[in-house]
Amino acid sequence: MKQRIFVYISALTIAWFSDMKVRFGCELELFLTNSNSNANGLGTGADLGFSRKDIAFNLSQAGIIARDERYTKNVTDHWKIVTDSSLVPSAAGDLPFELVSPILCSEAGVAAARKAILTLSKMGIYTNKSAGLHLHIDGAYFSLQEMKNLTNNWLMCESAIEACVPPQRRAERNRFAKSNRSAFGKSSSKQRFLRISEAQTFRHLRHICNPDNSKYWKLNLCTLDNASPTVEFRLAGGSDEPRFLEFYIRFIIAFCTASKTKAIPYSVNSNDTLTSRDEVNLLLELLSSYRKVCDMYLSKVAEMGGVEINAWRCFTCNKTFDRSRQLLQHRKDSQRCFRRSDRSSR
């Protein structure tokens, strides 16, 4: 049986989730400044610059076992640094690379990802518009019906989900992360829902959502029918920020877990008149059991200057606000709402 790249979210993450045990793996596309992309050995100073082996050495010295493996699809028990021809450095001589996680466990896994980014930050990493952050969720976590739920929920809330990432990763602005809605052309919400409902196998569902058999969709189902099935989320751009990496992992995990038991009915958009505001409210309702994730989502939307939405709602008192920033301030100022939401956070 083939090994898989995954992380466990276990009971140790109770501050965030009380009911999740989801395996996943992450791929981080990054660049290193003052580097020599042709260097085969260890860097020895400014004349040579850093190499991929330097990256592996520094990570290993920090307690994160890593190796330079150039280009490989093999799953390993260590972090690996591989090449990626799609990455375009911002300056000549900078080193593009992809950092791929091994099998990790629970909060130790999230902590390891954070530590890896912090370690590389000291070496001078950065990202640009050509870089992405890819998250793989274990396909075995879902039944076919649960995967249909997830796909439907993604299509219903795609604009809201995109609000937490930079504008260049939204809609059809990145050819390596296409909108899944575009796979359905001018189909209505009902027509999309019915097409998804008709899928009899994971492969059939994949052909519906990724019709060109390409992996370059925000929600990529192309590996579902593999021996080691995964669902890939390609929404996020590259990030060298530990807090965003932690948020993104938890946000996607919460979305996947909530979708196992709930599919947003197409009837809420029967006339296809949902606004971005409506989509955000649908997403927050779907994730309402995960209050801390919702708070971080609201914070990221505000930070990205993404969708400005009316009627942001406090789950505790149902008070509404014009902007996400106002809701965040309310959560901070209102001891009643803060205490109640904190006690019920999962």
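Before moving on, here are some points about what is shown:
- Among the residues here, residue 233 does not qualify as within 15 Å of residue 152 (Cα to Cα), in contact with a Leu (Cβ under 9 Å, 6 or more places away or on another chain) and open to solvent by 50 Å² or more (accessible area, probe 1.4 Å).
- Residue in region 197-218 that is in contact (Cβ under 8 Å) with a residue 60 or more places away in the chain, assigned to a helix (DSSP H, G or I) and open to solvent by 10 Å² or more (accessible area, probe 1.4 Å) present: yes
- For beta carbons closer than 7 Å, sequence separation of 6+ or different chains, a first residue in region 107-119 that is under 14 Å from residue 247 (Cα atoms) and a second that is of a type in the set (Val, Ile, Thr) and not in a helix (DSSP H, G or I), the qualifying pairs are 109/7.
- Once region 46-65 is narrowed to residues that are in contact (Cβ under 8 Å) with a residue 40 or more places away in the chain and aliphatic (A, V, I, L, M), the residue that is nearest to residue 109 (Cα to Cα) is 64.
- Residue match in region 167-174 (condition: over 26 Å from residue 128 (Cα atoms) and open to solvent by 10 Å² or more (accessible area, probe 1.4 Å)): no
- Matching residues, region 102-121, being at pLDDT below 90 and either surrounded by 22 or more Cβ atoms within 10 Å (Cβ to Cβ) or not hydroxyl-bearing (Ser, Thr, Tyr) (or both): 102, 103, 104, 105, 107, 108, 109, 110, 111, 112, 113
- Taken over region 125-144, the criterion of being modelled with pLDDT under 90 and not in a helix (DSSP H, G or I) is satisfied by 136, 137, 138.
- For region 66-97, filtered to residues that are surrounded by fewer than 20 Cβ atoms within 10 Å (Cβ to Cβ), more than 21 Å from the chain's Cα centre (by Cα) and of a type in the set (Asp, Glu), the residue that is nearest to residue 109 (Cα to Cα) is 77.
- Residue in region 240-248 that is within 19 Å of residue 142 (Cβ to Cβ) and modelled with pLDDT of 90 or more present: no
- Failed item, numbered, when residue 177 is tested on (1) open to solvent by less than 10 Å² (accessible area, probe 1.4 Å); (2) among the small types (Gly, Ala, Ser); (3) over 28 Å from residue 114 (Cα atoms): (3)
- Within region 259-278, the set of residues being open to solvent by 10 Å² or more (accessible area, probe 1.4 Å), modelled with pLDDT of 90 or more and assigned to a helix (DSSP H, G or I) comprises 260, 261.
The values are calculated or read from the model by the stated rules, or taken from the named source; none is laboratory data. Quick caveat, the model's predicted, so the values are computed rather than measured. Using ideal geometry, Cβ is built from the backbone for each residue, glycine included, and neighbour counts are taken over all protein chains shown. What goes into the accessible areas is simple: the full protein's heavy atoms, side chains included, and nothing from ligands, DNA or RNA. Shrake-Rupley method; radii C 1.70, N 1.55, O 1.52, S 1.80 Å.
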